[in-house]
Amino acid sequence: MKKFLIAGNWKMNKISSETVEFAEGLKAKGLSNAGDVCVLAPFTDIRDLGKALEGSGIGFGAQNVHFEPSGAYTGEISVPMLEDLGVGYCIVGHSERREYFAETDETVNKKLKVLLAAGITPILCVGESLEVREGGGEQTFVAGQVVADFAGIPAEDAARVVVAYEPIWAIGTGKTATPDQAEEMCAFIRGVISGIYDNPTGDAMLILYGGSMKPSNAAELLAKPDINGGLIGGASLKVDDFAAIAEAAAALS
Ligand code: 13P
């Protein structure tokens, strides 16, 4: 049976009161797959989110972390700080961080290692720009990211990483990759992982699609064999939409 993870990336949205309202609303939905759902919130919301979701089975986490455990890094948040909040997940290498905040494969790799050491599940984002896709280099580009991001990570740890394929041209644009485009790249990523490690590691890895996923297109994307869920931006901000996507996954599992 295919495993799923439905993850909401709130990006820089919601204050604390909105967080609690969302969590209460989501719990009230009584999701049939609550254990395979998580919400990635701004740092300032995580404590309240965790409290509000307590006992629901719904996971929660952060959108970024620094790779050093402490020190003179003004404005940064460390793994021990996230552990203290009880997070289960942390996004790493989102294209918005790569594009606007100088995230590189090297820093992504360091962040993956410290998160794995702490037992926090990293959600590693990879994906190409429109320019790269139009030039036909999307597989080479994404393979390069995957190889660099997993460098030096042993197979037993790699299996705990969730990979999210997020084509930059589909993020926040309303332009979703077609189910076939998304499947093709997710299957390709699985093959790259199998190549670095072995087939069982590739087969077991959760590979998500992200980019304008919404209730109207989720079922078709999630039905594809190599798509194990979604990393959802805009549609994760509304309880009804996010819950509908989670239920679409539940119906397929
Ligand atoms: P949208 O769902 O808003 O396109 O965002 C996708 C995304 O970047 C999730 O990390």
Q: For K214, list the aspartates and glutamates whose Cα falls under 16 Å from its own Cα; do not include residues on the same chain fewer than 8 positions away.
A: E166, D240, D241, E247
Q.
Students often get this wrong: which residues of segment 101-139 have the backbone nitrogen under 20 Å from the point 7 angstrom along Cα-to-C-beta of E156?
A. 112-122
Q) Per the Debye formula with a single identical scatterer at each Cα and no solvent contribution, what log10 I(q)/I(0) holds for the chain at q = 0.13, 0.14, 0.18 Å⁻¹? A) -0.76, -0.89, -1.53
Q: With 29 Å as the limit, write out which pairs from K11/K224; K110/K238; K14/K224 have Cα-Cα distances beyond it, or answer none.
A: K110/K238; K14/K224
Q.
What does the net charge come to around V142 if you take all other residues with beta carbon closer than 12 Å to its beta carbon, with K and R at +1 and D and E at -1?
A. -4
**Q.** Nonlocal amide H pairs with V37, under 5 Å, H built at 1.01 Å
**A.** I6, G59
Q.
Could you tell me the center-to-center distance, by alpha carbons, between segment 59-86 and segment 115-130 in angstrom?
A. 14
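Using R₀ = 30 Å, calculate the FRET efficiency as 1/(1 + (r/R₀)^6) where r is the Cβ-Cβ separation of E24 and E106; round to 0.05. The partial results should precede the final answer.
On the way: r = 41 Å, r/R0 = 1.35.
Here the calculated transfer efficiency is 0.15.
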Q.
Only four residue types carry charge here, +1 at the Cβ of Lys and Arg and -1 at the Cβ of Asp and Glu. Report the dipole size of the chain about the Cα centre in Debye, rounded to the nearest 20.
A. 360
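Can you pull the percent of Cα pairs in segment 14-140 with separation above 25 Å?
Numbers: 2635 of 8001 pairs.
Cα-Cα pairs in segment 14-140 separated by more than 25 Å: 33 percent.
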Q: Among G30, F188, A148, pick out the residue whose Cα is farthest towards the positive end of the charge dipole of the chain, where Lys and Arg carry +1 and Asp and Glu carry -1 on C-beta, about the Cα centre.
A: G30
Q.
How much accessible area per residue does segment 114-194 have, counting only protein heavy atoms and a probe of 1.4 Å, in square angstrom?
A. 37
**Q.** Estimated 222 nm signal from helices in the chain, with DSSP H stretches of n ≥ 4 weighted -39500 (n - 2.57), rounded to 500
**A.** -13500 deg cm²/dmol
Q. Considering only protein heavy atoms and a 1.4 Å probe, what is the carbon-and-sulfur percentage of the accessible area of the chain?
A. 53
Q | Linear extension gain, D198 paired with K113, 0.36 nm per residue minus alpha-carbon span | A | 28.6 nm
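The values are calculated or read from the model by the stated rules, or taken from the named source; none is laboratory data. If you're wondering where the values come from, they're calculated on a predicted model, not measured in any experiment. For neighbour counting, all protein chains shown are included, and Cβ atoms are generated from backbone atoms with ideal geometry for every residue, glycine included. We work out accessible area using only protein heavy atoms, side chains counted, and drop any ligands, DNA or RNA first. Shrake-Rupley method; radii C 1.70, N 1.55, O 1.52, S 1.80 Å.
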